[in-house]
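Q: Got a structure for you, questions after.
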Amino acid sequence: MRNDSFTGKAVVLFLLLVIILSAVIEAAYCMGGPEWLVAILMWTPALSAFIAAAASIHGNGEKLSFKALRTLLGIKICRLRYILAGVAIPFIYLFIPYRIYWTMHPENYAYSGVSLLLVLKDVGLYTVVCLLMSMLTAAGEEIGWRGFMLPALLERIGTAKSIATVSLFWCFWHFPLLIWGGYMEGTPLWYQLVSFVLCIFPVGIIAAILTMQSGSVWPAAFLHAAHNTYDQMLFGVITRGDDKMYYVSETGLLTILCVWLIAILMYNRFRKRRMDAALTGDDGRTK
């Protein structure tokens, strides 16, 4: 990506738009609004990004076009392996904690004693359909967070700070739903907020690395959709237990440990490749 692709005013505009629009929709939902408002909410980052990208193009004195917008928003074709990684990685860091919890509490597992082949046959097609449906909303968030905000910050504050800033902003963006919207209930609020950040922050690291490696927002979108599908539409549905939110899902200690391990391994590998690429004059992307 060329230098100074994103104007400073466009970055500020994006942040203001996403905060204001999200606040309005979150307030309406938390006061008893319909469930479809959540889908609208998840597209506020994309809408804000489209407007900010258009402003950036205009500010740079360039002609506004769909191609220019796609470039600034990371809406590009990428290699299939990055998409597959986006689908597979959430399965790893979510399935392992759930598998441990099911072993600890087999009575809380809906498929206790059922063969793996039968389980796959029962939920396989359902999972694929849910993942594709989840993409309809996950893409809205990712076009904003990793498509626009991440590369815009990369031009200004460097890799580590950009990843951390986007990941924290993403975490805090969920707070109104956690506090007033009934999202991820099952633990005391103070624990819920802290553990949610500890869990979702490393997910943001993974999403950012996939975005930077692939040069596209789609791997992050598939990761986001897969995460929501596995946790909220699959594993969470077949798991009972009053204490499960302390162990699994987006507030569970086992999930936090597992996702942090993967995020650290991926970040260290990414940083090493970037250093090697700088020495060889490569562009830093995985071949």
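Q: State which entries of Lys76/Lys272; Lys67/Lys272; Lys63/Lys161 exceed 27 angstrom in Cα-Cα distance in the structure shown.
A: Lys67/Lys272; Lys63/Lys161
Q: Against the empirical 2.2 N^0.38 Å scaling, what ratio does the C-alpha Rg of segment 45-200 come to?
A: The value comes to 1.32.
Q: Can I ask one more? Can you tell me how segment 38-95 classifies by the Cα gyration tensor, rounded, prolate or oblate, using a/c under 1.5 as the rounded cut?
A: Judged from the Cα gyration tensor, segment 38-95 comes out oblate (a/c at least 1.5, b/c at or above a/b).
Q: From the square roots a ≥ b ≥ c of the eigenvalues of the alpha-carbon gyration tensor of segment 1-112, which class results: rounded (a/c under 1.5), prolate (a/b over b/c), or oblate?
A: Oblate, because a/c is 1.5 or more while a/b does not exceed b/c.
Q: Say the dipole of the chain comes from +1 at the beta carbon of Lys and Arg and -1 at that of Asp and Glu; which of Leu254, Tyr101, Trp170 then lies farthest toward its positive end?
A: Result: Trp170.
Q: Now for a separate question. Relative to the first principal axis of the alpha-carbon coordinates of the chain, what is the inclination of helix 44-59, with its axis defined by its Cα atoms, in degrees from 0 to 90 and to the nearest 10?
A: Between helix and principal axis, roughly 10 degrees.
Q: Principal axis extents for segment 120-176, Cα atoms only, whole Å, descending order, please.
A: 48, 25, 18
Q: Can I ask one more? Check each of the trypsin sites (Lys or Arg not before Pro) in segment 47-98 and keep only those in coil by DSSP with at most 15 other C-beta atoms within 10 angstrom; list them in order.
A: Qualifying residues, ordered by number: Lys63, Lys76.
Q: Lys/Arg Cβ at +1, Asp/Glu Cβ at -1, dipole of the chain taken about the Cα centre: which of Ala221, Ile200, Trp43 is farthest positive-ward?
A: It is Ala221.
Q: May I pose another question? Place a +1 charge on the Cβ of each Lys and Arg in the chain and a -1 charge on the Cβ of each Asp and Glu, then give the dipole magnitude about the Cα centre in debye, rounded to the nearest 20.
A: For the chain, the charge dipole is close to 1200 debye.
Q: Here's something else I'd like to know. For the chain, with a Gaussian network of springs between Cα atoms less than 10 Å apart, report the residue from Gly32, Gly158, Gly182 with the top mean-square fluctuation.
A: So, out of Gly32, Gly158, Gly182, the one fluctuating most is Gly32.
Q: Another question, if that's okay. Find how much the distance from Lys67 to Met133 grows on full extension, using 0.36 nm per residue of separation minus their present alpha carbon separation; answer in nm with one decimal.
A: Result: 21.2 nm gained on full extension.
Q: Another one. Please name whichever of Leu234, Leu125, Ala160 sits farthest to the positive end of the charge dipole of the chain, dipole taken about the Cα centre and charges placed at Cβ: Lys and Arg +1, Asp and Glu -1.
A: Ala160
Q: For a quick check, take a GNM of the chain with Cα springs below 10 Å and name the residue from Glu141, Glu250, Glu155 with the largest mean-square fluctuation.
A: Greatest mean-square fluctuation among the candidates belongs to Glu155.
Q: If you don't mind, another one. For the chain, what does the relative contact order come out to in percent, with C-alpha contacts under 8 Å and a separation of six or more?
A: Over the chain, the number comes to 26 percent.
Q: Could you name the aspartates and glutamates whose alpha carbon sits less than 15 Å from that of Lys9, not counting residues in the same chain fewer than 8 places away?
A: Glu155
Taken together, the values in this text are just the output of simple stated rules run on the coordinates, not laboratory data. What you see is a predicted model; the values in this text were computed from it and never measured. Don't worry about glycine lacking a Cβ; one is built from the backbone with ideal geometry, like all the others, and counts go over all protein chains shown.
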